[in-house]
1. For the pair residue 44 and residue 8, how long in nm is the line joining their label points, each one 7 Å along Cα→Cβ?
2. Relative to a virtual label point 7 Å from the Cα of residue 17 in the Cα→beta-carbon direction, which members of the range 55-71 show backbone nitrogen distances below 18 Å?
3. Taking the C-alpha atoms of the range 44-93, how large are the radius of gyration and the largest Cα-Cα span, Dmax, in Å?
4. For the chain, what is the mean residue ellipticity at 222 nm derived from helices alone (per DSSP H run of n ≥ 4: -39500 (n - 2.57); sum divided by total residues; nearest 500 deg cm²/dmol)?
5. How big is the range 1-102 in terms of Cα radius of gyration and Dmax, in angstroms?
6. Ordering 48, 6 from largest to smallest accessible area (1.4 angstrom probe), what's the sequence?
7. Rank 55, 46, 78 by accessible area, highest first, at a 1.4 Å probe radius?
8. ³J(HN,Hα) across the range 69-78 via Karplus (A = 6.51, B = -1.76, C = 1.60, θ = phi - 60°), whole Hz, x for Gly/Pro?
Amino acid sequence: MKILKTFWNSPMGPKTTHFWGPAFNWSLPFAAFLDTKKPPELISGSMTGVMCVYSALCMRFAWMVQPRNLHLFACHASNESVQLYQLSRWAMAPRSLEEEEQQQKKEEADKK
């Protein structure tokens, strides 16, 4: 019981925004992870880039703020990694579309 009471009254406990901010912020990497199943043509490159910058800035904030907020840092580190993966999928999408079009043209030419 003493551990729970210590956590409850700590500067990072559930009575502070240092706890609830990251708790609700986990929805960002969770949603980005779910989007990895969608086609890369649906990815917005500008929005994904903004999310990468946002998470990088928030990771720095979480590291520099006192008391250091490792919960927020972990949340944004995971979001940064998933967003970078999404950004790479977006960057590779035009190439894969061009390859598919070339393959279709080649198949049509072979049929003739």
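1. It works out to 4.2 nm between the two label points.
2. Counting only backbone N, you get 55, 57-71.
3. Values for the range 44-93 (Cα only, Rg and Dmax): 12.0, 42 Å.
4. Values: 5 runs with 87 residues, N = 112.
That comes out to -26000 deg cm²/dmol.
5. Just the Cα atoms of the range 1-102 yield Rg and Dmax of 17.8, 67 Å.
6. So the residues, ranked largest to smallest area, are 6, 48.
7. Correct descending sequence by accessible area is 46, 78, 55.
8. Using θ = phi - 60°, the values come out as 9, 6, 4, 5, 4, 5, 4, 6, 5, 5 Hz.
The values are calculated or read from the model by the stated rules, or taken from the named source; none is laboratory data. Fair warning: this is a prediction, and the values are worked out from it, not measured in the lab. A quick note on method: Cβ atoms are made from the backbone with ideal geometry, for glycine too, and the neighbour counts reach across all protein chains shown. We work out accessible area using only protein heavy atoms, side chains counted, and drop any ligands, DNA or RNA first. Shrake-Rupley method; radii C 1.70, N 1.55, O 1.52, S 1.80 Å.
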